[in-house]
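Below is one structure; the comments refer to it alone.
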Amino acid sequence: MTRPAPDCSRPGGRSRSGGGLLSVVIPCHNEQDVIEATQARLAAVLPGTGMEFEVIYVDDGSRDATLARLEAIAARDPHVTVIELSRNFGQQAAMSAGLAAARGDAIVITDADLQDPPEVIPEMVAAWRRGVDVAYGRRRRRAGETAFKLATANLYHRLFAWLIPYPMPVDTGDFKLMDRAVADAVVALPEKRRYLRSLVSWAGFRHEPVWYDRHARAAGETKYSPWNLLKLAGDAVVLSCDAPLRLTWVAAAALALVGITAAGWATLAAWLGPSREGFTLAAVVAAISLAAAVQTAAVAIVGEYVARTFREVQGRPPWVVRQTIGSAESRVTTRAA
C-alpha cells in the first residue's frame with residue numbers, strides 16, 4: 001500500500017507562542033522500582049512548561065509489577081495514559097507506539113529510568129517556542145557508566161554519524177522534543193523496523209541541542225546487555241544507510257592489492273631460489289585467507305539487508321496493543337501495515 005506524503009504544515013494553525021498541548025512518551029520494560037519516582041518528577045516539572053500535558057507510558061511486555069503500578073498511576077492522574085503492548089516488541093517499537101498515540105503540539109520522548117532528567121524538558125519547550133523543530137538532549141557527562149562503555153559509545157556515535165548520508169548529532173540518545181510536524185512525518189514513514197534517532201534526523205527540519213548531564217539509573221538495571229547493544233547498533237547502521245555494502249568495494253580493492261603484492265613476492269622468491277619457499281607459501285596462504293574473509297563478510301552484509309527487506313515485505317505491524325488505559329483509549333489501535 002502506497003502512503004501519501006505527510007502534510008507537515010502546522011495543524012489548525014497552532015501557535016508556539018503560548019499554551020498548547022505537550023505529550024511525553026515513555027517506553028517501559030520492567031521498571032517497577034523507578035516508575036513512581038518518574039511520575040512524581042514529571043508531575044512536578046510539566047506544569048512549569050506553561051502547556052497542557054499528557055504522559056503516555058508504553059508498557060513493553062513487562063514481567064514485573066510495572067503495569068500494575070502504571071494502572072494505579074493512571075487511575076489517580078487524568079493526564080496519564082497507559083498503552084500495554086501484547087508482548088515485548090523492543091524499545092524502538094514501544095517509542096513508536098507512543099509517538100503514534102500522542103496528540104501534542106510538541107512531543108517529548110524519554111526513558112523511565114531517570115537517567116535523562118525531566119527537569120530538562122522546560123528548556124526543550126523554550127527552544128521549541130523559539131522556532132526549533134527538534135530540541136535534542138546532548139550529553140555533557142554520563143554518570144554511572146564504565147570507561148569501556150563511554151569509549152565504545154563515543155566511537156559508535158561518531159562512526160554512525162560519518163556513515164549515514166544526512167546530518168546526525170553525536171552524544172545523543174532518544175531524549176528529545178519534536179514538533180507536531182516532525183512527529184507526523186516520522187509516524188507516516190512506512191518502515192516496520194524502526195530506529196527513531198535516524199528517522200528523526202532523516203526527516204530534516206530545524207534541530208538544536210539542549211546540553212545536560214546524564215545521571216546514573218535511579219533504580220533497577222539496564223535492559224541492554226552488550227549483545228543487545230551490538231544488535232541495536234547493527235540495526236541502526238543497516239536500517240539507515242547502505243555504507244556497509246559500499247565498503248565491500250573497498251575491501252575488494254584492498255584484496256586485489258594484496259593479491260598483486262603476493263604474486264610479486266612469489267615471483268621474486270622463485271627467482272631467488274628454494275630458500276625463499278617458506279615466504280612464498282606464507283604469502284599465498286595470507287592472500288587466500290584474506291580473500292575468504294572478505295567474501296564471507298560481503299555475503300553476510302548482503303544477507304543482513306536481504307533479511308530486513310524480507311521482514312518489511314512481510315508487512316507485519318511493528319507492535320500490537322493489548323489494551324489502553326486512560327484518556328487515549330479511543331485513539332490507540334494495532335498499527336496498520
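The values are calculated or read from the model by the stated rules, or taken from the named source; none is laboratory data. Because the structure is predicted, anything quoted here is derived from the model rather than measured. Neighbour counts are summed over all protein chains in view; Cβ atoms, including those assigned to glycine, are modelled from backbone coordinates with ideal geometry.
The table that follows gives values for the structure above.
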item	result
Qualifying positions in the range 209-232 - modelled with pLDDT of 60 or more and buried (at least 16 other Cβ atoms within 10 Å of the Cβ)	209, 210, 212, 214
The range 85-110, residues that are surrounded by fewer than 22 Cβ atoms within 10 Å (Cβ to Cβ) and of a type in the set (D, E, K, R)	87, 103
Options 185, 181: the member that is within 30 Å of residue 49 (Cβ to Cβ), modelled with pLDDT of 85 or more and in contact with a Pro (Cβ under 7 Å, 6 or more places away or on another chain)	185
Any hit, the range 194-208, residues being assigned to a loop (DSSP other than H, G, I, E, B), among the hydroxyl-bearing types (Ser, Thr, Tyr) and either under 30 Å from residue 131 (Cβ atoms) or at pLDDT 60 or above (or both)	yes
Residues located in the range 126-178, provided they are assigned to a strand (DSSP E or B), at pLDDT below 65 and under 15 Å from the mean Cα position of the chain (by Cα)	none
